[in-house]
1. Using a basic spin-label model with each label point 7 Å from the Cα along Cα→Cβ, how many nm lie between A4 and R32?
2. If amide hydrogens are placed 1.01 Å from N in the peptide plane, which non-local residues have theirs closer than 5 Å to the one on G70?
3. Could you estimate the translational diffusion coefficient of segment 2-75 from the Stokes-Einstein equation, with Rh from the Kirkwood formula over C-alpha pairs, at 37 °C and 0.692 mPa s, in whole µm²/s?
Amino acid sequence: MTVAARTGPQFRLDGIALVGRPVGEVEADLIRHAGRLDQDLVFDSEHEFGPQDAHLYVRADRAGDRVISGLRLFAPDRDHRRRLWLPRRGTAANGGKTC
């Protein structure tokens, strides 16, 4: 299920608003959240990201001249996620290249 950034309902993960915010802010909040839980953030090859094992991806949607966060929710399926990990230490798993 996809939640539109501009018109969709707000979803929260442990108090973090995931919809309709600047994508960089959501990413920073989720990185801190994952660190507190000793987990990782997972980046999909389509430039979507989400907390490990949460069954959701935050996605970038245009809103005029801005880019804000939308959301994609999905059922658990081990083959659905292409796991490209972002280590908690802040170094990219792909040799420093951004996803």
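1. Here the modelled spin labels are 3.1 nm apart.
2. Hits under the 5 Å cutoff: G20, R59, A60, D61.
3. Numbers: Rh = 12.2 Å.
For the chosen part, D equals 270 µm²/s.
Read-outs: derived from the displayed coordinates by stated rules, not from any lab. Just so we're clear, the structure is a prediction, and the values are computed from it rather than from any experiment. Cβ atoms come from the backbone with ideal geometry, glycine included; neighbour counts cover every protein chain shown.
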